1. So, in the stretch 27-52, of the ones that are outside any loop (DSSP other than H, G, I, E, B) and surrounded by fewer than 23 Cβ atoms within 10 Å (Cβ to Cβ), which residue ends up modelled with the lowest pLDDT?
2. Could you grab me the full set of residues in the stretch 594-606 that are loosely packed, with under 13 Cβ neighbours inside 10 Å and part of a strand (DSSP E or B)?
3. Looking at the stretch 289-308, is at least one residue of a type outside the set (Gly, Ala, Ser), modelled with pLDDT of 85 or more and on the phi > 0 side of the Ramachandran plot?
4. Applying the selection to the stretch 587-602, what residues are of a type in the set (A, V, I, L, M) and at pLDDT 95 or above?
5. What is the one condition in (1) in contact (Cβ under 8 Å) with a residue 12 or more places away in the chain; (2) loosely packed, with under 14 Cβ neighbours inside 10 Å; (3) of a type in the set (Val, Ile, Thr) that Val588 does not satisfy?
6. Which residues, counting only those in the stretch 373-427, are modelled with pLDDT of 80 or more, more than 30 Å from His233 (Cβ to Cβ) and open to solvent by less than 90 Å² (accessible area, probe 1.4 Å)?
7. I need the full set of residues from the stretch 577-596 which are under 21 Å from Leu493 (Cβ atoms) and in contact with a strand residue (DSSP E or B) (Cβ under 8 Å, 6 or more places away or on another chain), in order please.
8. If a residue has to be surrounded by 22 or more Cβ atoms within 10 Å (Cβ to Cβ) and either of a type outside the set (Ser, Thr, Tyr) or within 19 Å of Leu557 (Cα to Cα) (or both) to count, how many in the stretch 464-477 make the cut?
Amino acid sequence: MPRADGTLRPWMARILLSTPEGQQVVELRDHNSLGRHPSNSIQLLDKIVSKEHCVIERRAGGFLLRDLGSLNGTYVNGERVNGEQTLRHGDDIALGSTRARFDEDVGRPVAPPPPYGAPLPAPGTAQAGWAAAAPVEPQRPGVAYPPVQGASSPPHSTPAATQRVPTPVQDFNARAPIGAIPVPATTRVDVNDRARAIGTQIAATNRGFLPSDQLAQNPQQLAQDYERLRLSHELSREIALERDLPTLLNKILITIFRFVRADRGVIFLTGSDGGLVPSATLRRDGTDAPIPVSSTIMNHVIRERATVLTHDAAMDFAASKGKSMILNRISSAIVAPLLHNDEILGVLWLDSETLAQFQPKDMEIVTAVAAQAAMFIEINILGKKIEQEIVNRERFSRLLSPNVAKRVLSGELEVKKGGQLVRECTVFNSDIRGFTPMSEGRAPELLVEMLNEYFELMVETVFKYEGTLDKFMGDGIMALWGAPVMHPDDPVLCVSCALEQMEVLGKFNRRRIDDGQPPLAIGIGIHTGPLVAGYIGSSKALSYTVIGDTANTSARLCGAATAGQVLVSDATLARLSGKFEVQELAPVTLKGKERALRVYDVKRLAPAVQVPAALGG
């Protein structure tokens, strides 16, 4: 690049690397450390390379390579370095399976290094045994070269977005290759960012597709877009129609194992308390042994909302003291958040006991799969909610009159779960007189048929007067006015319902007599007062009901009523506003009551009194 005075600065020395990710170029600084640990300025994702393998330093006479006592050694032109060795332009360097070539920028191009894992050249010869290759154009000012994965960014710089060419991947459960994979452009995080202390991570975002008019000039992007569509099709074909959530999660793991060589996989879903709950597991060996995971990595993924790839988990997270990764032999791992509409539905965990098992392309696959899987999981969860809503509607329709149920389900009226105090509720109880003797000697199926026909008529009348059906108790019925829906004239509605039930029962009995069946006789008890109403039961079976002395008193009045009587308490009578003709009976002593209770037998509507207009006559 030009200096301030307009002259050109000398070209910098660099090394050309062949890594599992392909050939890459990195400029050398005054001090450069190479190794597997993320603290190195050039991190090499090579399981044969030592954590701190060697350094390349600028000296007065040029650059010098110094081995740091690495286990497998550092080789220059096929000879192992013992201590230090000065590098010359074009020298071949081998560290584990990684191959490199030193370029001192003296104006003479050098051939690229051999592929990753190539054999060492013959000792003592420069470039011996290396396949001939086209010369690499020297790095020139203003030209952007792909960075080495893990190489430090210059001070105050921002890691640039990188794009990789799709690479064919082998389907591990079949012999036929399944083709290239979609690789969206992503933002890489430098491994020396100590605030993150992470090997590699990728933002869980999707770049989208290019407009069609731009694809003709970008065949590489066309290939990538095609492969992304192919991957989406593969996933959709396997899991899109599955509606059972556990089966869906298992299918997601099985599908992922076709694309990524993971040994173990777990899908965690976010529970109601916000914690992660393991919901599906898979091991490639087919066993059902427990799968250990690292809370350190999981917490990082949730916090950063980004996919993590680690080649050596114990080292990458050493600063976090992730002892579980060492104890559970978690070497390589890819962990992705299940994000849908910026909401974390869970976490996808894949790992292997082999160092450097996964490559960046695997991370990009898993990130894309996790995004699509999250969408299917969300659809499945919404489907379950809809099914539950249908069940709730059915339950409300059985408890409430249709018009009231519609208002509750639309949100116009609120029904709260749990118990709540109702200051005034009118409770209705009825049962058939002499039912036990009647049932003796009769076929059970005939009794059930008779009760169903009777209940159908009685409940229809309850709903007509906007009451709430609480429960059936043998041959008895319990209904409510004032919970969960309140009307200003609930006691009047309740008593009107009771009188009409007597009329409906009369018509029912006439049909029974015509068929040679005995008539039915019922007694009704009604009481008004405070009680507690709400959903009561277990987490799997809830029912709406009321508890309190008001409900008990109503049941006791029902027991005291003779056939054809509608008994109301003094508390209910006070709220009827003279709309009914009543006859006061002798006070009755009810079970559990110290004082006798004044009771009244309701005969009929008072003269000139109409049924409430809201009921339509």
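1. Once the filter is applied, the top-ranked residue is Glu27.
2. Answer for the stretch 594-606, where residues must be loosely packed, with under 13 Cβ neighbours inside 10 Å and part of a strand (DSSP E or B): just Arg604.
3. So far as the stretch 289-308 goes, yes, one or more of its residues are of a type outside the set (Gly, Ala, Ser), modelled with pLDDT of 85 or more and on the phi > 0 side of the Ramachandran plot.
4. Val599, Val602
5. (2)
6. Gln420, Val422, Glu424, Cys425, Thr426, Val427
7. Lys579, Phe580, Glu581, Val582
8. 3
The values are calculated or read from the model by the stated rules, or taken from the named source; none is laboratory data. Here the structure is a predicted model, which means the values were calculated and not measured. Quick reminder, even Gly has a Cβ in these numbers, built from the backbone with ideal geometry, and neighbours come from all protein chains shown. Accessible surface is based on the protein model in full, side chains and every heavy atom, while ligands, DNA and RNA are left aside. Shrake-Rupley method; radii C 1.70, N 1.55, O 1.52, S 1.80 Å.
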